[in-house]
Amino acid sequence: MSNLTSSIQISQKSTYHLNNGTQIPVIGFGCYQIPAEKTKNAVYTALKDGYRHIDCAVMYRNEKEAAQGIAEFLKDHPDVHREDIWFTTKIADSEHGYEETKQSVERISQRVKEYIGHVDLVLIHSPLSNREKRLGTWKALQEYVQNPSNPVLHIRSLGVSNYGIFHLEELLNWDGLLVKPVVDQLEFHPWLPRLKLREYLVKNHILAEAYSPLTRGRKFDDPALVEMEKKYKISKADILLKWSFLQGFVVLVKSENPERIKSNLNVLSANEHGKVDLEEEIVTKLDMPDSNEVLTWNGKDLTALQE
Ligand SMILES: NC(=O)c1ccc[n+]([C@@H]2O[C@H](COP(=O)([O-])OP(=O)(O)OC[C@H]3O[C@@H](n4cnc5c(N)ncnc54)[C@H](OP(=O)(O)O)[C@@H]3O)[C@@H](O)[C@H]2O)c1
């Protein structure tokens, strides 16, 4: 595809280095659309299989249950420690602004602190408010990162989501910036490779996280993908996940189904030579550098914002 694609060696346990010195696991278990009553079990199952990264959000209405799943897993597996597990949540658009964000963090704390203590990463879920509110949100979030003994909540890292270059510039050029974003979480798949934005992220040492890497199944009828599955005997989901890992993204994938939870992680299992087979020569056949097809978010709003 471009010079952003390279052969990389990763495994289920790999982490990527963030610009604040922390390490984030390369595969994350996504909690969007998992009903609250099923989330604790789904998160527990994912951790038992070997995921070490849980991606949540205020908007998903299941942070408490996700945190309970982590706590229960840690109780049953004393060899794994809280430090080994990464938990992300996101501030909702309706909670932007300095005061509103502080109240949001108080509520997050009430939902998760008794189960998991700190939060590893808090993201601004999307830029859909206005400059004053976005920067007010960042100002509030920075205070928690800068004061690890804040009695409300210890937040270790900050990031953004659905931010294009315009909003990243707004944040990075703001004279109140004290804590740099470590990631930008975006919809990424072969139909939406966003090469220009990725170059900007690389230049600014911000890691790209890929959400909806499976397109939520919306491209499973795509003729090229169907043909590849038949020809190479790799499932469509595996092909799409391998494509995402080859780009160097942190990949977030959701399933409520125990077999699929496991098979998605197993894309990063070692082969008989102890290496993970990303089948680069096959998977890159899906590269569409000029494609710009937003499939899962309210595309109109965000595409306009990211130009
Ligand atoms: N920041 C943001 O704005 C944002 C937006 C969207 C998503 N995200 C995050 O990214 C995560 C992943 O994205 P996503 O949930 O939108 O989409 P996704 O992971 O691309 O797709 C999930 C869908 O694919 C199905 N699926 C999972 N594994 C499969 C497999 N091996 N074969 C066939 N189907 C499979 C799931 O159904 P089953 O559950 O039945 O397996 C579910 O319907 C989210 O959960 C969330 O944490 C963030």
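Tell me, which residue of the range 247-268 that is more than 8 Å from the ligand (Cβ to nearest atom) and assigned to a loop (DSSP other than H, G, I, E, B) is surrounded by the most Cβ atoms within 10 Å (Cβ to Cβ)?
Across the range 247-268, the extreme among qualifying residues is Q247.
Scan V105, V112 and give me the residue that is under 22 Å from V183 (Cβ atoms), touching a Lys or Arg at 6+ places or on another chain (Cβ under 7 Å) and at pLDDT 95 or above.
V112
For the range 141-186, which residues satisfy the criterion of being under 16 Å from E106 (Cα atoms) and among the charged types (D, E, K, R)?
If the condition is that a residue be under 16 Å from E106 (Cα atoms) and among the charged types (D, E, K, R), then E143, R156 are the ones that fit.
Please find, among L186, L153, the residue that is surrounded by 20 or more Cβ atoms within 10 Å (Cβ to Cβ) and of a type outside the set (F, W, Y).
Only one candidate passes the filter, namely L186.
With the requirement that a residue be out of contact with any Phe, Trp or Tyr (no Cβ under 7 Å at 6 or more places or on another chain), more than 9 Å from the ligand (Cβ to nearest atom) and in contact (Cβ under 8 Å) with a residue 24 or more places away in the chain, what does the range 229-246 give you?
The answer is Y232, I234, I239, K242, W243, F245, L246.
Among S104, S126, which is the only one that is hydroxyl-bearing (S, T, Y) and in a loop (DSSP other than H, G, I, E, B)?
S126
Which is under 18 Å from the mean Cα position of the chain (by Cα) and of a type outside the set (A, V, I, L, M), of Y115, Y60?
Answer to the selection: Y60.
D290: within 14 Å of the ligand (Cβ to nearest atom) and surrounded by fewer than 17 Cβ atoms within 10 Å (Cβ to Cβ), yes or no? Full working, then the answer.
Numbers: within 14 Å of the ligand (Cβ to nearest atom): no; surrounded by fewer than 17 Cβ atoms within 10 Å (Cβ to Cβ): yes.
When the stated conditions are applied, D290 does not pass them.
Considering only the range 12-45, how many residues are small (G, A, S) and more than 11 Å from the ligand (Cβ to nearest atom)?
Qualifying residue count, the range 12-45: 3.
Go through (1) over 20 Å from F87 (Cβ atoms); (2) touching a Leu at 6+ places or on another chain (Cβ under 6 Å) and name the single condition E170 misses.
With respect to (1) over 20 Å from F87 (Cβ atoms); (2) touching a Leu at 6+ places or on another chain (Cβ under 6 Å), E170 is out only on (2).
How many residues does the range 47-62 hold that are away from the ligand (no atom under 11 Å from the Cβ) and either within 18 Å of E209 (Cβ to Cβ) or out of contact with any Lys or Arg (no Cβ under 7 Å at 6 or more places or on another chain) (or both)?
7
Identify all residues within the range 209-228 that are within 11 Å of the ligand (Cβ to nearest atom) and either of a type outside the set (K, R) or assigned to a helix (DSSP H, G or I) (or both); write none if there are none.
Correct list: E209, A210, Y211, S212, P213, L214, T215, R216, G217, F220.
Could you pull out the residue among L278, L201 that is crowded, with 18+ Cβ neighbours inside 10 Å, more than 18 Å from the chain's Cα centre (by Cα), more than 11 Å from the ligand (Cβ to nearest atom) and more than 30 Å from A36 (Cβ to Cβ)?
Working: L201 fails: more than 18 Å from the chain's Cα centre (by Cα).
One residue alone meets the criteria, L278.
Can you name every residue in the range 129-161 that is of a type outside the set (A, V, I, L, M), farther than 21 Å from Q185 by Cα and either in a helix (DSSP H, G or I) or in contact (Cβ under 8 Å) with a residue 40 or more places away in the chain (or both)?
The answer is E132, E143, Q146.
The values are calculated or read from the model by the stated rules, or taken from the named source; none is laboratory data. Nothing here was measured: the structure is a model prediction, and the numbers come from that model. Note: ideal-geometry Cβ built from the backbone for every residue, glycine included; neighbour counts use all protein chains shown.
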